[in-house]
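Enquirer: Quick one: the structure is below, questions incoming.
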Amino acid sequence: MRSTLKFLVVLSVALMGMLAFRALFFTIFAVEGDVLSPTFLPGDRVMVNRWSYGLRTGIDGGLFPYGRLCRQQPSKGDIVAYEDPRDSTRHTVLFGHCQALPGDTVSHNGHTFVVPGLRDCADADYYWLSAVGNDAAADSRTLGCISEQRIIGRAFLIVYSHQPDQPFWTGWRRNRLLLLK
């Protein structure tokens with residue numbers, strides 16, 4: 001009885017530690033579609049650093065207001081994980097290359113505009129995030145500028161990769177195991 005209780009306590013502490021680590025530092029998301037091919041392929045499991053642009057605190061409309069601890073701005077060229085602005089449940093995660101920062105000028109569909117930021121009296125800093133070569137992708141070309149509040153962090157490591165149309169025991173891409181980006 002005592003050894004079982006000890007085992008359950010150790011297991012609970014390990015589980016709580018894992019959940020805290022995932023919530024505060026790093027998390028893994030699955031890539032769906034080929035919007036960043038060949039950098040990311042469908043079925044890649046990508047690790048995202050939640051601290052790369054500052055840890056998000058609070059959420060829009062939540063009990064605590066939105067904020068970031070140790071706030072930093074994404075750099076051009078970063079691969080950014082962000083929540084789909086069309087998804088009110090905040091469960092769909094998209095990936096895009098940061099192409100423009102607040103205050104930068106962007107030309108799209110024959111129109112030129114400035115990416116809004118706090119300096120321009122906007123409600124938040126915004127970024128132009130785009131996929132690579134996929135005109136039908138859900139990115140800034142179709143969604144508009146992405147608010148800093150939607151940005152989760154910088155994608156930096158492919159943990160593992162499995163072809164989505166293959167059974168579990170086959171389809172593993174061994175050449176993409178622990179691949180830094």
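The values are calculated or read from the model by the stated rules, or taken from the named source; none is laboratory data. Everything numeric here is computed off the predicted structure, so don't read it as measured data. Positions of Cβ are backbone-derived with ideal geometry, glycine not excepted, and every protein chain shown enters the neighbour counts. The protein model used for the area step is the full one, side chains on, heavy atoms only, and it has no ligands, DNA or RNA in it. Shrake-Rupley method; radii C 1.70, N 1.55, O 1.52, S 1.80 Å.
Enquirer: Here are Phe95, Phe40: which of them is open to solvent by less than 20 Å² (accessible area, probe 1.4 Å), part of a loop (DSSP other than H, G, I, E, B) and closer than 28 Å to Asn175 by Cα?
Expert: Phe40
Enquirer: Name the single residue, out of those in the stretch 115-149 being within 18 Å of Gly77 (Cα to Cα) and of a type in the set (Ser, Thr, Tyr), that is modelled with the lowest pLDDT.
Expert: Of everything passing the filter in the stretch 115-149, Ser140 is modelled with the lowest pLDDT.
Enquirer: Considering each of Arg56, Arg68 in turn, give the residue that is part of a strand (DSSP E or B), surrounded by fewer than 18 Cβ atoms within 10 Å (Cβ to Cβ) and of a type outside the set (S, T, N, Q). Let's see the steps before the verdict.
Expert: Working: Arg56 fails: surrounded by fewer than 18 Cβ atoms within 10 Å (Cβ to Cβ).
That would be Arg68, the only listed residue that is part of a strand (DSSP E or B), surrounded by fewer than 18 Cβ atoms within 10 Å (Cβ to Cβ) and of a type outside the set (S, T, N, Q).
Enquirer: Another question about this same structure. Any residue that is in contact with a helix residue (DSSP H, G or I) (Cβ under 6 Å, 6 or more places away or on another chain), open to solvent by 40 Å² or more (accessible area, probe 1.4 Å) and at pLDDT below 80 - is there at least one of those in the stretch 9-21?
Expert: Taking the stretch 9-21 as the starting set, the residues that turn out to be in contact with a helix residue (DSSP H, G or I) (Cβ under 6 Å, 6 or more places away or on another chain) are none.
For the stretch 9-21, residues in contact with a helix residue (DSSP H, G or I) (Cβ under 6 Å, 6 or more places away or on another chain), open to solvent by 40 Å² or more (accessible area, probe 1.4 Å) and at pLDDT below 80: absent.
Enquirer: Would you confirm, using the coordinates I've provided, whether Arg176 is charged (D, E, K, R), touching a strand residue (DSSP E or B) at 6+ places or on another chain (Cβ under 6 Å), farther than 28 Å from Ser88 by Cβ and touching a residue at least 40 places away in the same chain (Cβ under 8 Å)? Break it down stepwise before answering.
Expert: On the way: charged (D, E, K, R): yes; touching a strand residue (DSSP E or B) at 6+ places or on another chain (Cβ under 6 Å): yes; farther than 28 Å from Ser88 by Cβ: yes; touching a residue at least 40 places away in the same chain (Cβ under 8 Å): yes.
Considered against the rule, which asks whether it is charged (D, E, K, R), touching a strand residue (DSSP E or B) at 6+ places or on another chain (Cβ under 6 Å), farther than 28 Å from Ser88 by Cβ and touching a residue at least 40 places away in the same chain (Cβ under 8 Å), Arg176 comes out as yes.
Enquirer: Six or more apart or on different chains, Cβ atoms under 6 Å: show the pairs whose first residue is in the stretch 80-99 and in contact (Cβ under 8 Å) with a residue 40 or more places away in the chain and whose second is surrounded by fewer than 16 Cβ atoms within 10 Å (Cβ to Cβ) and basic (Lys, Arg).
Expert: Within 6 Å, the pairs are Glu83/Arg90.
Enquirer: Please go through the stretch 161-173 and pick out each residue that is in a loop (DSSP other than H, G, I, E, B) and free of Cβ contacts under 8 Å to residues at least 40 places away in the same chain.
Expert: At the first step, the residues of the stretch 161-173 found to be in a loop (DSSP other than H, G, I, E, B) are 163-171, 173.
Of everything in the stretch 161-173, those that are in a loop (DSSP other than H, G, I, E, B) and free of Cβ contacts under 8 Å to residues at least 40 places away in the same chain turn out to be Asp165, Gln166, Pro167, Phe168, Trp169, Thr170.
Enquirer: Here's a follow-up. Give the number of residues within the stretch 100-144 that are part of a loop (DSSP other than H, G, I, E, B) and open to solvent by less than 70 Å² (accessible area, probe 1.4 Å).
Expert: Initially, the stretch 100-144 is screened for residues part of a loop (DSSP other than H, G, I, E, B), giving 101-104, 109-110, 115-117, 121-125, 131-139, 144.
Then keep just the ones that are open to solvent by less than 70 Å² (accessible area, probe 1.4 Å); that gives 101-104, 115-117, 122, 124-125, 131-132, 134, 137-139, 144.
Residues that pass the stated criteria total 17.
Enquirer: All but one of (1) more than 23 Å from Ile158 (Cα to Cα); (2) surrounded by 13 or more Cβ atoms within 10 Å (Cβ to Cβ); (3) of a type outside the set (Gly, Ala, Ser) hold for Arg86; which doesn't?
Expert: Among (1) more than 23 Å from Ile158 (Cα to Cα); (2) surrounded by 13 or more Cβ atoms within 10 Å (Cβ to Cβ); (3) of a type outside the set (Gly, Ala, Ser), Arg86 violates only (2).
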